[in-house]
Amino acid sequence: MGMPRSERVLFLVLAGVLLVAAVAVRVRSYSECVVAGEVRLTDLDTMRRLVRLEASDRAESYPFVEVRDGFPQGTVSHWTRPLDVVLRVLDPVARALGFPGTRYESAVLVVGPFLGVLGLLVYLAGAVRWLGAMPGLLAASFYTLLPPLCASTAAGNGDHQSLQHLLLSVFVWLWLPELAGKIGRWAAPASGAALGAAIWVSSESLSVAFIWVLATAVMQLVPRWREPNRAALELSRSLGLLVTLGVAVACEQDRWFAFEWDKVSCFQIYPLAVHAAFLAAVAFRCKPVWAAAGALAVGLLGLWAVPGLSVLLGGELDRFAEVNRWLQGAVSEFRGLFDTGNGWSAWEGGRRFTPWFFVAPLLGVAMVRDSTRPLPARVGLGLLGLSTLGLALHEVKLGHLFAIPLPLITVLGAQRLAAGRRWGRPELGYLFAAALVVPCLVLLPDAKRSPVLSVSDEAQRELARYLAARPGAERGSVLAPWDLGASLLYRSPWPVVASGYHRNLAGIHDAYRFYLAQPEEDEAAREILERRKVRFVVAWYDRSFFTNASRVLGGARAYFDRATARFTESATRSLFWRLRFGPGVPWLRRCYQSEIEVSSARGQKPLPIFTVFEVRGR
């Protein structure tokens, strides 16, 4: 590192403290996941992945249909194999170390902290190489304590974001230092391979690929930002990306020309191949403007010339729009950063991320104006920061992407402000950056679940126990709100009509239509039960689906008046209301009520948190 021995010792001690803090923060939730030796997972995506893993072990081919989700037709899974491989490798190790749980549960307990710590080590190594020892340590400290990362890499979280984020971090730390001249040219194809692997894990990573595409295009099209041989380097990065995506398609798809927006396929490869053509033209001395125009023309011509390609693209975009209406209307993590579901709140944005989120633009401007830094690196980091900031504002779930450039922008911007105002010692900039860690510590997600969530979890377990004791799971299904689907699949043998899985959007819509059915629509509701071979219907206490039903299904019928905060007549006449608060309907027989009682609203008499009805004649 070129540091005196005393400074090196101090750095290693502080890095060790940071590593211990990172582990401690991520294992705080372990006591909530393991109670009296029993694994008690609550993350819906994690439970859904465990169900998928078991189905994958039983399947004779790949991709496979999960019949239990969206019964009786089932659902073709879009989740890919990389995280499955990680879980399969970790599971015997975790069990050998004494972690409890059935197959894969032990791995789920440790995979988040394991990948989170790996991510910290990657970030620390990259930041130290680019910024220097102490500034890099401060950036890594800020990074590892950001709430979006703490949540996605906590014990008991087996979702794909932990692996996706690690691979994106590898990409960024091979891309930006290479732009700054801090690392060799070998980093270009290696970073492309890392980005391709991230897209393989989750197609959400395509957004970062498009940010890189924008950055490379801008650096070629703006003459003063253009560098000799930059196009050739970016072309090697593009080839590394495309080769990795080709391997992914061969592993994940049963046909080469699959076209799916939510899974690695030609949908992702096509625009990136067009960008590679642009880079190749520039690398072979074509003027960037003409190369861009030619590549764009070839891309658009391909959509018209390849039979059926434009139809496939239009169909996938329509499917994405339909899924997005449900996600942003009904799933909180897909809402905007400041969106509470009932309005806008600045505090909500700070709680979900960090209060220093609000000063990031100022620090970003300072960083971009720092002429002592290489221009390509400033352009790349500036576009990455601005774009991921926009993604985080649009959708909370994408906040972890902004967590990569934010600490870098913070430290570089603080150094620039300190030097620009002649505060005497550049170290003041480091101290300013270090102070940003304090509010992150204050706002870290609490490991303790809220009382409502704990009661809901106990009720879901009670419901699963009741269903598990009922025979006939191979011939019928359960119709319950979509957000109970993953839990019922995981904890009971029964198939479900709906779960929180976008590829089963038809089942989600059927559940909405059933619960919202008016008395004159009872025949349509019974047709859903017949078509889905439903044996049990669950009337859950939560009425929040009334607030987003119109957006999810479309149509003019309103079920909740936001102006008066009251349910409309359409809500009180719905089948859900009649089952939950009324005498029920003659074609459903009440067969079980929960022992747990809750009030749906303040001042109302407590009622069982759920009631189970059996379809008569089944």
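The values are calculated or read from the model by the stated rules, or taken from the named source; none is laboratory data. Here the structure is a predicted model, which is why all the values come from computation and not from measurement. Neighbour counts run over all protein chains shown; Cβ positions are idealised from the backbone, glycine included. Areas reflect the complete protein model, heavy atoms only, side chains present, ligands, DNA and RNA absent. Shrake-Rupley method; radii C 1.70, N 1.55, O 1.52, S 1.80 Å.
Listed values, structure above:
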quantity	calculated
Subset of region 181-191 (residues that are open to solvent by 30 Å² or more (accessible area, probe 1.4 Å) and part of a helix (DSSP H, G or I))	PRO189, ALA190
Residues located in region 97-109, provided they are out of contact with any Cys (no Cβ under 7 Å at 6 or more places or on another chain) and under 14 Å from LEU50 (Cα atoms)	GLY101, THR102, ARG103, TYR104, GLU105, SER106, ALA107, VAL108
Qualifying residue in region 583-598 (condition: closer than 26 Å to SER492 by Cβ, open to solvent by 60 Å² or more (accessible area, probe 1.4 Å) and in a loop (DSSP other than H, G, I, E, B))	yes
Residue list for region 127-137, filter: over 18 Å from SER6 (Cα atoms) and either open to solvent by 10 Å² or more (accessible area, probe 1.4 Å) or modelled with pLDDT under 90 (or both)	ARG129, TRP130, LEU131
Within region 485-531, considering residues that are among the aromatic types (Phe, Trp, Tyr) and farther than 25 Å from GLN328 by Cβ, the one surrounded by the most Cβ atoms within 10 Å (Cβ to Cβ)	TRP494
Filtered residues of region 158-177 (kept if free of Cβ contacts under 8 Å to residues at least 60 places away in the same chain and open to solvent by 10 Å² or more (accessible area, probe 1.4 Å))	LEU166, LEU167, VAL170, TRP173, LEU174
Flag if VAL298 is surrounded by 21 or more Cβ atoms within 10 Å (Cβ to Cβ), of a type in the set (A, V, I, L, M) and either part of a helix (DSSP H, G or I) or at pLDDT below 95 (or both)	no
Any chance VAL396 is at pLDDT below 80, over 14 Å from GLY364 (Cα atoms) and touching a helix residue (DSSP H, G or I) at 6+ places or on another chain (Cβ under 7 Å)	no
Residues being open to solvent by 40 Å² or more (accessible area, probe 1.4 Å), modelled with pLDDT of 85 or more and not in a loop (DSSP other than H, G, I, E, B) - total across region 22-34	3
Matching residues, region 68-92, being of a type in the set (A, V, I, L, M) and at pLDDT 90 or above	LEU83, VAL85, VAL86, LEU87, VAL89, LEU90
Every residue from region 74-91 that is in a loop (DSSP other than H, G, I, E, B) and under 20 Å from GLU316 (Cβ atoms)	SER77, HIS78, TRP79, THR80
Search result, residues across region 257-305 that are without any contact (Cβ under 8 Å) to a residue 12 or more places away in the chain and under 19 Å from ARG226 (Cβ atoms)	PHE284, ARG285, CYS286, LYS287, TRP290, ALA293
Region 359-418, residues that are hydroxyl-bearing (Ser, Thr, Tyr) and open to solvent by less than 20 Å² (accessible area, probe 1.4 Å)	THR388, THR410
Residue that is nearest to the chain's Cα centre (by Cα), among those in region 98-120 that are more than 17 Å from HIS400 (Cβ to Cβ) and part of a helix (DSSP H, G or I)	VAL108
Residue ID - most open to solvent (accessible area, probe 1.4 Å), chosen from residues in region 75-106 that are touching a residue at least 40 places away in the same chain (Cβ under 8 Å) and among the aliphatic types (A, V, I, L, M)	VAL76
Output for region 257-288, where each listed residue is aromatic (Phe, Trp, Tyr), open to solvent by 40 Å² or more (accessible area, probe 1.4 Å) and more than 27 Å from the chain's Cα centre (by Cα)	PHE284
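Condition check ((1) under 25 Å from HIS78 (Cβ atoms); (2) loosely packed, with under 14 Cβ neighbours inside 10 Å) across all residues:
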residue: MET219; (1), (2): no, no
residue: ALA232; (1), (2): no, no
residue: ARG255; (1), (2): yes, yes
residue: LEU313; (1), (2): yes, no
